[in-house]
Structures are given as structure tokens and as C-alpha cells.
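> Just dropping this structure here.
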Amino acid sequence: IILGRFVPSEFVGYYSVAFSIISSLIPLIIFSDALFPVFLRMKKKRAEFAFKRSLRLTLIVSFIIFILLFVFSDFIIKFFFGQEYLPAGKILRIYSILILGFPATEIFSNFLISRGKIKKVSKLIIITIIVNLILAFLFPLYFLKYSPFMTTIGIVLAMIIGRYFYLAGLLLIWKEKV
């Protein structure tokens, strides 16, 4: 919605294509929703062990998918959407950075909530939403002076920075005695 105010619809299409690929891959990596009840029933030490193990596995799978997306983004775009959407390959390449952190964020979030940190996680979510909104307006305005394509990249960067801001906040909460 925000991007459409800054760039022609062609660039919104490139963004949408890259976003749809990322959005369809993330659920394949995230299994943290299934882990939430498990974390909830476990004692502290066992929950911590299960958390670290699931995080490690998720990061390995995420890294493999990230590398594949980064290397084959142009091929993926061309195969599924056609030659005319090839500029979306560069956007997908940048967007693929989300694949590394998004699943870890979900596991951290579920683990912390299962350990009774729901108020802190909720506050962090509100702060992250505010940060995301600010970035989603500032980045396109800044990149608009370069080109519509760079404006599109600006929105992607704003989203990535917002997501990693959230992950950093979750890490700070986790570093407190959980």
C-alpha cells in the first residue's frame, strides 16, 4: 500500500512477486507454532535444551534456503513469473535475508512467551510496529530521489531492518534470566 504511493505499478508488481515467494517459503521453515505447547509443558532446563536444538535446526534449514534463493533468484523469477518480471530477482535476492532471521524470530518469540515473558514481548511488538512504520515512510522518501527501483529496495530494506530490530529485542529479553 505504501509503495504504491511512491512508484509506478510496475515496481509494485516486482515487489509483490518477490514478497509472494518469501511469504510462501517462510511457513515451510517455521515449525515454532508446533513447539509452543511443548515449550509450555517442559521444565526450564529441558525447555532450554529443546529451544536451542530447534533454533539450531531452523537456522541450518534457513541458511540453505537463503543460499538457494540468493544464488537462483533470477532463475526462480523467470521460471515462475516470466522474463518480464526479471527485475524482481534483485528484490528477491535482498529479501532473502529475511529467510535467515524470520524463523529464528518466531522460535524466540514462542519460547519467551512460553516462559512467561508475554508482557515484554508484547511491548517489543508495539515498539517494532512503530519502528516499521517510521522506516516504511522514511526509506522510500530517501530512495525516491534515485529511482523507482531504489524506492522499492528501500521498502524491502525497511522491512528487513524492522524484522531484525525485533529479533535483537527478543535476544535482549532472552539474555535476561528466562
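> Any residue at all in segment 144-154 that is modelled with pLDDT of 80 or more, closer than 30 Å to F111 by Cβ, open to solvent by less than 50 Å² (accessible area, probe 1.4 Å) and assigned to a helix (DSSP H, G or I)?
Checking segment 144-154: not a single residue is modelled with pLDDT of 80 or more, closer than 30 Å to F111 by Cβ, open to solvent by less than 50 Å² (accessible area, probe 1.4 Å) and assigned to a helix (DSSP H, G or I).
> Against the conditions (1) surrounded by 15 or more Cβ atoms within 10 Å (Cβ to Cβ); (2) in contact (Cβ under 8 Å) with a residue 24 or more places away in the chain; (3) under 23 Å from L25 (Cβ atoms), where does S114 fall short? Just the number, please.
It fails just one condition, (3).
> Hey, can you tell me all the residues within segment 125-143 that are at pLDDT 90 or above and open to solvent by less than 20 Å² (accessible area, probe 1.4 Å)?
T128 - this is the single residue of segment 125-143 that is at pLDDT 90 or above and open to solvent by less than 20 Å² (accessible area, probe 1.4 Å).
> While we're looking at this one, here's another question. Here are some residues: L98, L124, L86, L92. Which one is aliphatic (A, V, I, L, M) and within 18 Å of T58 (Cβ to Cβ)?
Answer to the check: L98.
> Next question. One residue is enough: does segment 36-57 have a residue meeting the conditions more than 17 Å from W174 (Cα to Cα), in contact with a helix residue (DSSP H, G or I) (Cβ under 7 Å, 6 or more places away or on another chain), modelled with pLDDT of 80 or more and surrounded by 14 or more Cβ atoms within 10 Å (Cβ to Cβ)?
no
The values are calculated or read from the model by the stated rules, or taken from the named source; none is laboratory data. The model shown is predicted, which means the values in this text are computed figures rather than measured ones. Here the Cβ is made from the backbone with ideal geometry for all residues, glycine too, and neighbour counts use every protein chain on show. Ligands, DNA and RNA are excluded from the accessible area calculation, which covers all protein heavy atoms including side chains. Shrake-Rupley method; radii C 1.70, N 1.55, O 1.52, S 1.80 Å.
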